[in-house]
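Below is one structure, written out as structure tokens; comments come after it.
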Amino acid sequence: MKKRIIGVLLTLISMTVTAQNPVVQTWFTTDPAPLSYGDKVYVYVGHDEDNADFFWMYEWRVYSSSDMVNWTDHGSLLNLNSFSWADDRAWAAQTIERNGKFYWYICAHSKLSGGMAIGVAVADSPTGPFRDALGKPLFDNGSWDNIDPTVFIDDDDQAWLFWGNPTINYVRLNPDMVSLASEVKQVKQTVEGFGSPSMRERERGVKYADSYTEGPWIMKRNFFPLDKKGKKAKKAVGQYYLLYAAGGVPEHIAYSTAPTPEGPWTYRGHIMPLEDTKSFTNHCGVVDHKGHSYFFYHTGKLPGGGGFGRSMAIEEFKYNEDGTFPTIHHTNEGVKPIGTLNPYQRTEAETIAWSFGLKTENNQKTGVYVGEINNGDYIKVREMDFGTKQPSAFTVSAASALQGGNIEVHLDSLGGQKIAVAKIPYTGGWEEWKEVRTPITETVSGKHDVFFAFTGYKGMKLFNFDWWKFEEK
């Protein structure tokens, strides 16, 4: 047992040098659905419970980033109690913005019909508060096929909703985004469209090129096609993409394209081939942000993870000139930063690039904060830009019901230059917050990765951590 624990610790410590995947280490985060809005990417995820032996999922969570490497945890913004008609299986979901409102399409087990159903919540902000828009399912026919909704709005403002396993269902939405504008139809799965016909039509003993399984992601992209001489056309062509988990179990990611949302679909092959991601499922989402294209997916590669303990990961990619996807492989390194972190503004402690040993918690008064802090745990944030200004002090907000502990601030590695130590005292309770200010005497300038290393008595919870800020000299 000791050897196993030491092995896990050594693996995590070595990963801090290069790893960005999985993106979140405090919780298992599944089925990532990214949304680019304003300066940030928001990603809406499910949550696998710890130590699960099935898809134990009861809530949905939200994270955001402006630099693609430091992710802020906004907490659990929807759960099964948010929907009076739902009683289990808070599975894959996606959020979209329209006219300043944000619509979060979810699936859950319906106590009305006994099957899975599609619901929708609405908010005035990408981080809520969200509420059930209807007080009933958007679509519920008692079928177990009603999972994994995906949504997009076409150039003509028509919104479309797709979902399903093993079927592919789709429907037009009205401009209000919470009612259906057409009857629900099914995409006809064919060898030409998806590598095989639908599950019910497949012939035993026939080896098909591929097969749709679940987790659809519908999107449209305009590109300039190439002629026979390799020259780009002068007029852009709109193409619809349906990405999906394929191949049965274990799953890879494949895709098909079409000239309209209703087809006809043409099978295009694999995007993320079958690899040792430690998860027998996969679920993808794609977003363009600040001139970059990102592919979101999940793995089981966190310690304690696996097929029922999945975590989102991200890869940057570039489309091929003919509009097709390249092959995307999973990595531990993940993506590079596209921005910097300002040390001189208050930053939430739950803004994290990498962490060890921690959980996040939340309440209505404080919001989200970092908890379960023990000796040896740490937080890493990336690309903090001190510029040419020398920081004079470091201030944190923390709370402790016991002996407290220390926050050591190191540059570039856990063993790097120590520039400050904030000593957290007993504050009167786990949510009795106190600001602690400590001077910085070391010379600091330029960009650094910064590590907040937590030390104190071994074997006990030290304190909770709400926010931090450096002061300019």
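Details
- Hey, Ser392 more than 27 Å from the chain's Cα centre (by Cα) and not in a loop (DSSP other than H, G, I, E, B) or not: yes
- Residues in the range 139-158 that are farther than 19 Å from Met57 by Cβ and of a type in the set (A, V, I, L, M, F, W, C) were compared, and the one that is surrounded by the most Cβ atoms within 10 Å (Cβ to Cβ) is Val151.
- On inspection, Asp87 qualifies as touching a Lys or Arg at 6+ places or on another chain (Cβ under 6 Å) and over 30 Å from Pro337 (Cβ atoms).
- Flag for Asp140 being in contact with a Gly (Cβ under 8 Å, 6 or more places away or on another chain) and either acidic (Asp, Glu) or not assigned by TED's automatic domain parsing to the domain that holds Asn81 (or both): yes
- Wholly within the range 201-269, strands (runs of 3 or more DSSP E) carrying at least 2 residues that are modelled with pLDDT under 95 and on the phi < 0 side of the Ramachandran plot: 212-223, 237-246
- Residue, surrounded by the most Cβ atoms within 10 Å (Cβ to Cβ), within the range 79-132, restricted to residues that are aliphatic (A, V, I, L, M) and farther than 23 Å from Pro175 by Cβ: Ala92
- If the condition is being more than 13 Å from Met312 (Cα to Cα), outside any loop (DSSP other than H, G, I, E, B) and charged (D, E, K, R), then the range 33-70 contributes Lys40, Glu59.
- Entirely in the range 84-162, the strands (runs of 3 or more DSSP E) that have 3 or more residues that are touching a strand residue (DSSP E or B) at 6+ places or on another chain (Cβ under 8 Å) and without any contact (Cβ under 8 Å) to a residue 60 or more places away in the chain: 86-88, 101-110, 116-123
- In the range 433-459, residue farthest from Ala349 (Cα to Cα) [restricted to those that are part of a loop (DSSP other than H, G, I, E, B) and within 31 Å of the chain's Cα centre (by Cα)]: Gly446
- Residues of the range 390-423 satisfying the condition of being of a type in the set (D, E, K, R) and surrounded by fewer than 15 Cβ atoms within 10 Å (Cβ to Cβ): Asp412, Lys418, Lys423
- Val286, sole failed condition from (1) free of Cβ contacts under 8 Å to residues at least 24 places away in the same chain; (2) touching a Leu at 6+ places or on another chain (Cβ under 9 Å); (3) within 28 Å of Met68 (Cα to Cα): (1)
The values are calculated or read from the model by the stated rules, or taken from the named source; none is laboratory data. Every value quoted in this text rests on a predicted model; they were computed, and no experiment measured them. Note that we place each Cβ from the backbone using ideal geometry, even for glycine, and neighbour counts take in every protein chain shown.
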